[in-house]
Each structure stands twice: as structure tokens, then as C-alpha cells.
1. Hey, could you check the range 403-461 for residues that are surrounded by 20 or more Cβ atoms within 10 Å (Cβ to Cβ) and among the hydroxyl-bearing types (Ser, Thr, Tyr) and say which is nearest to ligand 2 (Cβ to nearest atom)?
2. Residues being over 17 Å from residue 307 (Cβ atoms) and acidic (Asp, Glu): count how many of those fall in the range 270-284.
3. Which of the following residues is in a helix (DSSP H, G or I), of a type in the set (Lys, Arg) and away from ligand 1 (no atom under 16 Å from the Cβ): 370, 429, 407, 357?
4. Quick check on residue 254: is it within 25 Å of the chain's Cα centre (by Cα), crowded, with 20+ Cβ neighbours inside 10 Å and either part of a loop (DSSP other than H, G, I, E, B) or at pLDDT below 95 (or both)?
5. Check off (1) surrounded by fewer than 16 Cβ atoms within 10 Å (Cβ to Cβ); (2) touching a residue at least 12 places away in the same chain (Cβ under 8 Å) for residue 325 and give me the number that stays unchecked.
6. Looking at (1) outside any strand (DSSP E or B); (2) of a type in the set (D, E, K, R); (3) surrounded by fewer than 13 Cβ atoms within 10 Å (Cβ to Cβ), find the lone condition where residue 301 falls short.
7. State the number of residues belonging to the range 55-65 that are part of a strand (DSSP E or B) and touching a helix residue (DSSP H, G or I) at 6+ places or on another chain (Cβ under 8 Å).
Amino acid sequence: MAVEEFMDYVDKHQNDFVERLRKAVAIPSVSGDPNHRPDVFRMGEFLVNELKALGASVETRDLGKQDFHGTPLDLPPVVLATVGNDPAKKTILVYGHYDVQPALKEDGWTTDPFVLVEDDKQRLIGRGSSDDKGPVLGWINVVEAHKNLGLELPVNIKFCLEGMEESGSEGLDDLIYQEADKYFKDVDAVTISDNYWLGTTKPCLTYGLRGVSYFHLTVKGPAADLHSGVFGGTIHEPMSDLFAVMSKLVQPDGKILVPGVYDQVRAVTDEEEATYATLDFSLDDLHAAVGNKTNIHPDVKSVLQHRWRYPSLSLHGIEGAFYNPGDKTVIPAKVIGKFSIRSVPDMDPKKLTELVKNYVNDEFNKLGSKNTMVIECSHDGNHWLASPNHPNYVAAAKATETVYKVKPDLTREGGSIPVTLSFQDALKKNVLLLPMGRGDDGAHSINEKLDRSNYIQGTKLLGVYLHEVSKVDL
Ligand code: BES
Ligand code: ZN
């Protein structure tokens, strides 16, 4: 009865919920851009105010400063909010992030990325709509619905909302370990809504993420940028060295060339092989999400295996290189190549870093260049794998059936959420990923969107899940 009343409320108040998302998207809380740091703080305040207005007891935790290429920058606060503290009820920890990826109209957005626009397909377009403002507000909508209906929440909720997820969650790990026996003491299970359905029609529960290790490869030589007409052919050029080394990292078919990387990858079992057959995912879904048919692997199973359970190495960019339109005959004096490796069970990030450093050093030495090269790992986050048979997942599956009338797929993800493993390890509790958006939402890309139906049904899902999880043995 309570659940029906709640779902009905969500339907009737959907426009209010969309307005809440509109306000959140309007705050360009880009954590990776120092110019937007005040906006990240504003977004934190927005959430504090929303939560306080609903009666939550809210505190913010200062994480100190970040070293942004030598410049100290204030880290945005972690918002810790408690709704209910009835010892007779279970306590569910909800994690989400209020920062977003950068977005510029010039990148190819059809609308202003920080103005929420609903198109004729009822898609809510705007940066952060799916990653991760929509889901964070989904939980807040649930609290509001219960409050306004005079319905008791079936569990206590503890929020942990951070503003640095897109930039590696700096400082949060320490806080989680420090607060394990304090703020997080009574937590019975953890739920995170910060990923996506596999395709566009069927909901899923997610029990695995890849880790990510990010590397900076710096090559420098001349004291300043030089004229290529005067010095070209007479000195070792940093960019040529960098290209030579970076071209040895990964093949065009995706194979990682760093020796030893695949030795640590867990073997596929027959049991695992069988899990790919029934998933709601096709090559068409992949093509639609990519916007082209440039897939390396020919079938769904190998695509998903290479997304979920094999490592990948991506080249991201070169700092210091000439990248403007037009011609410029410069020899850059110092260039920094950026690449990352997504890691999987049973790879060890420390061992991975050692393999990468040794290999890159060897490859650079082979060049016989007089330039200097330094390879650094700027952050590493381990992979995460949970048991999808845990009662927390059973509750989420039941909630999915109530809202969507279908059993969810069980999926893993290729992306990373650094703190997922920290919660599992520090609190020794089950962690569930319960996504709200679809596989084609375009997180981190242009025209990011969240379908109105995913936002509204997703809000219902989060609420019904809380009712279901209150009934299982955790
Ligand atoms: N929401 C994503 C995580 C994600 C990505 C889940 C793809 C499922 C599929 C999150 O906001 C994110 O992008 N994380 C970063 C973490 C990194 C900066 C340490 C990522 O995966 O690149
Ligand atoms: Zn996210």
C-alpha cells in the first residue's frame, strides 16, 4: 500500500522533480576545471539546502586542499546527511557525486550543456543529467515523496555525496576509512546509482567495475620551444620521442603491448561464459552509442568481455603539443603524454605501475635520445567485484520487477568508481550498483541526457528498493 502511494506521488510530481534537476544542471560543477571550483562548492550547498529542507541532519566535511599542478586548490566538501536514525531499522548508505565532466557548446552540443532542455522524445538533455545529478536527486525525490505523504521511510538513509569523483575522488578514501566506525558505523549495505543500463530498454543491477591507473609521460629537452626551420634535424625532439614511446603501448586492435599485463588477468570460467548469452545488448546498441560501426570485436560476448573483464589501454592526449587550427612551425620543448589502463581481476595496481614504468623506461632508452623522460602514475584505483546473489541484490531485483515488470540483467561495467571498493573494504558491507540511466545517455560525451521516464521510473525504483531492502536479512 505504502509503495503504491509512493509510486503514485512520483508520477504526479514528476514535473517538480524535473525542475529540481533543471536547477542542479544549471550549476556547472566541473571538478576538473579550477575556474569552475566555486561552482562545485555551490552545487554542494544546493544539495545541503535540499536535504536540510527535507529534515535531514546534514554536515559537510572539508577535505583540505588539492595540488593542482603546483597550485593549491580547495577541495569541495563531502556532504554527509542522515535521514532517520531508528535503531530498529536498517541503515542504507547512498553514495553519489555532484561534480560533472567538462562541457562546452563548441564541443558539438546542440544545446547549452548547462541548461536542461527536454526534447520531443522526452529526453532531459544537459551535463550531469545522467552522471550523476539525476540519480542523486532521485534519492532526494524519494525522501521528499515520503515526507509529503506522511509515510515513514522503511530504512534510515545515510548520504555520502562528493564533488571530486570525476577527478579521482581525492581525499575521500581517507575519510571513508576514518569514519568507518563513526559516521558509517551502523551502515548495513551500500547502494550507488552512478552507472547505466547496458542497452536502452532493460534495467540491470551491476556487480563489477574496472579499476583505472592513469599515467603521465613527460619528455623534455630544449630550454624553450624552438623554430623547426632553425633547429629541426639538429636536436632530439621531445614530441618525436614521446610518439615513439606511446606508439609502443597499445596496438590498433586494442592489444596492450606492456609485457606481463595479461598474466594477471583472471581466466574465464564456463560458468562466466554462460552469463553473456541472455543479456539485453546487441551490436546495434553498441553502434548507436558509438555513433559509428568501428567495433574491434565481432560479437556481443567479446565486446562485453573486453569492456568488463579484460584490461584496456587508452591514449588521451598530449599536454604542451600544438593543437590549434592552422600551421605553426614550432618544436615543443616539453610534452606530457596521458594514457590510462583499465584494470580487472586479479590485476594489482602497484604491480601494474611497475610493469608500465619498467617497459616505458626500456622503450625510451632504446631510442638513444638525449632528452629526459619521466613516467608517473597520477592515480590508481582498483577493480571491484561483488556477489550478485547477496540479499541486497535480491531486494533490488524485486524492486525492479515491481517498477519495470521485468527481471533485471546482471551486468558489470568497464568504467570506474574509485570509492566502491573502499566502501566494501572499509565497511565490510555489500555494495550494489543500481543504475538509473540508459546505455546511450552519453555520459562524458556531448548531448548527455537522461530520459524523463528513466528519471521518474528510476526515482520509483530507488524508493521501492528501500522498501524491499528493509525486509531482507543483510
Ligand atoms: N559514472 C562514471 C562511472 C562509470 C563509467 C560507470 C562508465 C559505468 C560506466 C563515473 O562518473 C566516472 O566517469 N568515473 C571515472 C573515474 C576516474 C576519474 C577515476 C572514470 O571511469 O573514468
Ligand atoms: Zn558518475
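1. Checking each candidate, the answer is 416.
2. The qualifying residues number 2.
3. Values: 370 fails: in a helix (DSSP H, G or I); 429 fails: in a helix (DSSP H, G or I); 407 fails: in a helix (DSSP H, G or I).
Going through 370, 429, 407, 357 in turn, the sole match is 357.
4. Details: within 25 Å of the chain's Cα centre (by Cα): yes; crowded, with 20+ Cβ neighbours inside 10 Å: no; either part of a loop (DSSP other than H, G, I, E, B) or at pLDDT below 95 (or both): yes.
Judged against the criteria, residue 254 is not a match.
5. Only one criterion in (1) surrounded by fewer than 16 Cβ atoms within 10 Å (Cβ to Cβ); (2) touching a residue at least 12 places away in the same chain (Cβ under 8 Å) is unmet by residue 325, namely (2).
6. Going through (1) outside any strand (DSSP E or B); (2) of a type in the set (D, E, K, R); (3) surrounded by fewer than 13 Cβ atoms within 10 Å (Cβ to Cβ) one by one, residue 301 breaks only (3).
7. First, the residues of the range 55-65 that are part of a strand (DSSP E or B): 57-61, 65.
Then keep just the ones that are touching a helix residue (DSSP H, G or I) at 6+ places or on another chain (Cβ under 8 Å); that gives 58, 60-61.
Matching residues across the range 55-65 total 3.
Residue-by-condition table, conditions (1) in a helix (DSSP H, G or I); (2) free of Cβ contacts under 8 Å to residues at least 40 places away in the same chain:
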| position | (1), (2) |
| --- | --- |
| 21 | yes, no |
| 28 | no, no |
| 35 | yes, yes |
| 39 | yes, yes |
| 45 | yes, yes |
| 49 | yes, yes |
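The values are calculated or read from the model by the stated rules, or taken from the named source; none is laboratory data. Everything quoted here is computed from the prediction, not taken from an experiment. Here Cβ is always computed from backbone atoms with ideal geometry, including for glycine, and neighbour counts include all displayed protein chains.
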